[in-house]
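Enquirer: The structure follows.
The values are calculated or read from the model by the stated rules, or taken from the named source; none is laboratory data. This one's a predicted model, so the numbers in the text were calculated from it and none came from an experiment. Ideal geometry is used to build each Cβ from the backbone, glycine not excepted, and the neighbour counts take in all protein chains shown.
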Amino acid sequence: MLPPAEIDAAVLLNVRNGLGASTEEITAAVPRLFGFKAVSSVLRQFVLAGIERLTAAGQIVADAGVFIEAKGLGGQ
């Protein structure tokens, strides 16, 4: 499908541009960045995996159901 690094970059871009985003917002917006008109369950899983990778790496954090960039919050 798409390289994980590109998915991660798109997730981070979405979080930065929106000053935070919910899981639903990210899984809807990221596929559109790549030109997909519909979000399949497989594509949604790829995006969710990107969210998990970025969270595990400390690049994004969840705050009240919204993911924000960890930069400036003691993150990278």
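Enquirer: Could you tell me which numbered condition ASN14 fails, if it satisfies all but one of (1) under 10 Å from the mean Cα position of the chain (by Cα); (2) touching a residue at least 40 places away in the same chain (Cβ under 8 Å)?
Expert: So ASN14 meets the others, but not (2).
Enquirer: Another question, then. Please go through the range 16-32 and pick out each residue that is at pLDDT 95 or above and part of a helix (DSSP H, G or I).
Expert: Scanning the range 16-32 gives THR23, GLU24, GLU25, ILE26, THR27, ALA28, ALA29, VAL30, PRO31, ARG32.
Enquirer: Which of the residues that make up the range 17-31 are in contact (Cβ under 8 Å) with a residue 40 or more places away in the chain and of a type outside the set (A, V, I, L, M, F, W, C)?
Expert: GLY20, SER22, THR23
Enquirer: Is it the case, given these coordinates, that PHE67 is of a type in the set (Phe, Trp, Tyr), surrounded by 16 or more Cβ atoms within 10 Å (Cβ to Cβ), modelled with pLDDT of 95 or more and in a helix (DSSP H, G or I)?
Expert: No; evaluated as a whole, the condition is false for this residue.
Enquirer: Name the residues in the range 1-19 that are among the small types (Gly, Ala, Ser) and surrounded by 14 or more Cβ atoms within 10 Å (Cβ to Cβ), would you?
Expert: Correct list: ALA9, ALA10, GLY18.
Enquirer: Find the residue count for the range 33-55, including only residues that are in a helix (DSSP H, G or I) and more than 8 Å from the chain's Cα centre (by Cα).
Expert: 11
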